[in-house]
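Only one structure is covered here, and it is reproduced in the block below.
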Amino acid sequence: MEHKPIYYSEYLQLDKILNAQAPESSKAGIRADDEMLFIIIHQSYELWFKQIMHEVNIAREVFRQPQISDNSPELMNVVHRLRRVTLILQMLVDKMDIIETMTPLDFLDFRDLLRPASGFQSIQFKQLEAALGLKFEQRFGQNYYTSQLNEGDINRVKDSEKEISLLELVNNWLERMPFFDHSSWQQVDNEHQSEHPFWQQYKDIYFSTLQPEERQNDVGFNMMFMNDKEYPAERRLSPRANRHALFIMLYRDYPLLQLPYELIGVLLDIDALMGQWRSRHLNMVKRMIGSRIGTGGSTGAGYLKSAMDSHFIYKEFAELTSYLIQRNKLPELDDSLKQKLMFSN
């Protein structure tokens, strides 16, 4: 079949995109010069949210596989895709500089014409949060976050929350890490992972490094890594995943653990950038409307502050750094395991 020649504007459907701005102020016969900027900024955000979802969905598809080689193009592709997400998020944070050229009076020229529309009605952003791993139970303002949506959009958000998230898939992948099976260690007294001799040895070393003011960390260590049966149900990473993630952090210099380490790092970068975006948004709202309520009926800056503080998705990875020890005190690995952690000849 002969390929039809492509024309630039037709390929990009510029007739739709460039004619998709309809300022409410123009309809009302009011002069509000900055409403065009307001519309284009938000339209561009939605386009970039779509691209982020595209990248995250590719990563989720890889992690849905029952087995993933750490020495494969697939894991490299996941890290590459998520690195791209961080660059997009950084751009979205920086884009706040542009919208902040609009002054509070400029915004008031058309703000009341937008009610009850609100950025809080961004379905894609809610879907993105769910895809990354934010659960309904962890959301601030659970009774409000879908109250301004129509029925179709509520169903779209709920359907997104039913899908397995990237965080859940990464947890499952970490749990499958094979480096603590019997073939990798000379002496294993018990098959129960939390009683593996490595973790008994590591626990003793870690406790010996604690300062007197840090002695309470032993409780956290036992809870996070050693107590499978009484592990808090609200935590998202399982004890087994915690152990394997910490092992990756500790022995990241081995070739086979470098990509898994980068993956953990890029997840933390995504969380940090999402936090930066929320912080910039909060400061912008404070600057624009002060203590007034949002156009969608929220408490405005108060709601955004509480959501910013509670919507970190990958914080449990960050918490693992409390349980690291110096390289020169790390337990020596068995030769068979060292060999497995090297690239194949």
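The values are calculated or read from the model by the stated rules, or taken from the named source; none is laboratory data. Please read all numbers here as calculations on a predicted model, not as lab measurements. With ideal geometry, Cβ positions are generated from the backbone for all residues, glycine too; neighbour counts draw on all protein chains shown.
Within region 63-111, being in a helix (DSSP H, G or I) and free of Cβ contacts under 8 Å to residues at least 12 places away in the same chain holds for P73, H80, L87, D94, D97, L105, L108. I'd like to check something: does region 274-295 contain any residue that is crowded, with 16+ Cβ neighbours inside 10 Å, at pLDDT below 85 and within 17 Å of Q138 (Cβ to Cβ)? No, the conditions are met nowhere in region 274-295.
Between A28, A20, the distinction of being among the small types (G, A, S) and without any contact (Cβ under 8 Å) to a residue 24 or more places away in the chain belongs to A20 only.
Kindly provide the set of residues from region 1-47 that are within 30 Å of the chain's Cα centre (by Cα) and either over 26 Å from L128 (Cα atoms) or of a type in the set (F, W, Y) (or both), ordered by number. Of everything in region 1-47, those that are within 30 Å of the chain's Cα centre (by Cα) and either over 26 Å from L128 (Cα atoms) or of a type in the set (F, W, Y) (or both) turn out to be F38, Y45. Scanning region 130-173 for residues that are under 24 Å from H244 (Cα atoms), out of contact with any Ser or Thr (no Cβ under 8 Å at 6 or more places or on another chain) and in a helix (DSSP H, G or I) gives L166, L167, E168, L169, V170, N172, W173. In region 174-196 there is no residue that is among the aliphatic types (A, V, I, L, M), surrounded by fewer than 15 Cβ atoms within 10 Å (Cβ to Cβ) and either in contact with a Cys (Cβ under 9 Å, 6 or more places away or on another chain) or modelled with pLDDT of 90 or more (or both).
Consider only pairs whose beta carbons are under 9 Å apart and that are at least six residues apart or on different chains; among these, list those whose first residue lies in region 319-333 and is at positive phi and assigned to a loop (DSSP other than H, G, I, E, B) and whose second residue is of a type in the set (A, V, I, L, M) and surrounded by 13 or more Cβ atoms within 10 Å (Cβ to Cβ). Close Cβ pairs (under 9 Å, with a partner that is of a type in the set (A, V, I, L, M) and surrounded by 13 or more Cβ atoms within 10 Å (Cβ to Cβ)) do not exist here.
Note on region 112-121: residues that are hydrophobic (A, V, I, L, M, F, W, C) and not in a helix (DSSP H, G or I) total 1.
The rows are residues; the columns are (1) modelled with pLDDT under 90; (2) over 19 Å from the mean Cα position of the chain (by Cα).
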| position | (1), (2) |
| --- | --- |
| L166 | no, no |
| Q200 | yes, yes |
| L210 | no, yes |
| E214 | yes, yes |
| M224 | yes, yes |
| M249 | no, no |
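Scanning region 214-247 for residues that are touching a residue at least 40 places away in the same chain (Cβ under 8 Å) and among the basic types (K, R) yields R235, R236, R240, R243. All told, K50 meets the bar of being surrounded by fewer than 17 Cβ atoms within 10 Å (Cβ to Cβ), within 17 Å of the chain's Cα centre (by Cα) and under 30 Å from R115 (Cβ atoms). Return yes or no: is R278 in contact (Cβ under 8 Å) with a residue 12 or more places away in the chain and among the basic types (K, R)? Yes: the conditions hold for R278. Filtered by the rule that a residue be assigned to a loop (DSSP other than H, G, I, E, B) and in contact with a His (Cβ under 9 Å, 6 or more places away or on another chain), region 199-258 gives a lone residue, D228. For region 24-43, the criterion of a residue being in a helix (DSSP H, G or I) and under 25 Å from L256 (Cβ atoms) is satisfied by no position.
For S72, the conditions (1) within 24 Å of G275 (Cβ to Cβ); (2) loosely packed, with under 14 Cβ neighbours inside 10 Å all hold with the exception of (1). Among the residues of region 208-262, those that are among the β-branched types (V, I, T) and surrounded by fewer than 17 Cβ atoms within 10 Å (Cβ to Cβ) comprise T209, V219.
If the condition is being within 16 Å of L92 (Cβ to Cβ) and not aliphatic (A, V, I, L, M), then region 11-56 contributes F38, H42, Q43, S44, Y45, E46, W48, F49, K50, Q51, H54, E55.
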